[in-house]
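Derivation of every value follows stated rules applied to the coordinates shown; laboratory data play no part. Remember, it's a predicted structure, so these values are computed and weren't measured experimentally. Note: ideal-geometry Cβ built from the backbone for every residue, glycine included; neighbour counts use all protein chains shown.
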Amino acid sequence: MHIIHVRNPAIAFSIGQNLPEPAKRILFVILPIIVLCVLVWYYLSSDEFTKLQRWAIAGILGGGIGNIADRILRPDGVVDFISVRFYGIFGFERWPTFNVADTSVVISCILLLVTIFAGHRKMVEKEQTDEQES
């Protein structure tokens, strides 16, 4: 692992790097702000999340807000600084450089999805058990 300084004017894997500036503002700042606002609203208005799911959503929000702040305050792009060797997997010698906010979003999304699917599986199993007992 190396610590380096890279500016990413686009999103993950530099997707959208060649888009015109107005399109970047809409796709990389305004749209994510709308998505985060909807997530905050749903988070605050719903009682269906477990404590672990709430922590995962907080990780997504924190990382998302960090990256959006970087996009707004740094005209040259988001600062990425973690470079990890990937040993040729998926054709990458090194994984694309990322930052702590990216890590928070990805790990929290994975955690949220796993807990949602595990909870759904338990609900289906409970319904099947209830049907068998009837």
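Some notes on this structure:
- Cα long-axis angle, helix 31-45 against the chain (0 to 90 degrees, to the nearest 10): 30
- Here the relative contact order of the range 60-134, from alpha carbon pairs under 8 Å that lie six or more residues apart, stands at 30 percent.
- Listed values (1) 1.10; (2) 1.14; (3) 1.04, entry calculated as Rg/Rh (Cα atoms, Kirkwood Rh): (1)
- Relative contact order for the range 2-133: 30 percent, from Cα pairs under 8 Å spaced at least 6 residues apart, divided by residue count.
- Toward the positive end of the charge dipole of the range 1-55, with +1 on the Cβ of Lys and Arg and -1 on the Cβ of Asp and Glu, the farthest Cα among A10, I34, T50 is that of A10.
- With respect to the chain, whose longest principal axis is taken over its alpha-carbon atoms, helix 51-73 is tilted by about 20°.
- Amide hydrogen neighbours beyond the local backbone of V78, cut-off 5 Å, H modeled: N8, A10
- In degrees, nearest ten, helix 100-133 long axis to first principal axis of the chain (Cα): 20
- The trypsin sites (Lys or Arg not before Pro) of the range 1-77 include none that meets both criteria, a DSSP state outside H, G, I, E and B (loop) and at most 16 other C-beta atoms within 10 angstrom of the site's C-beta.
- Helix-only CD estimate at 222 nm, as mean residue ellipticity for the chain, using -39500 (n - 2.57) per DSSP H run (n ≥ 4): -19500 deg cm²/dmol
- FRET efficiency estimate (nearest 0.05) - Cβ-Cβ, E125 to F81, R0 41 angstrom: 0.40
- Stretch in the chain that is longest and holds no chymotrypsin sites (Phe, Trp or Tyr not before Pro) that DSSP places in a loop and that have at most 16 other beta carbons within 10 Å: 1-85
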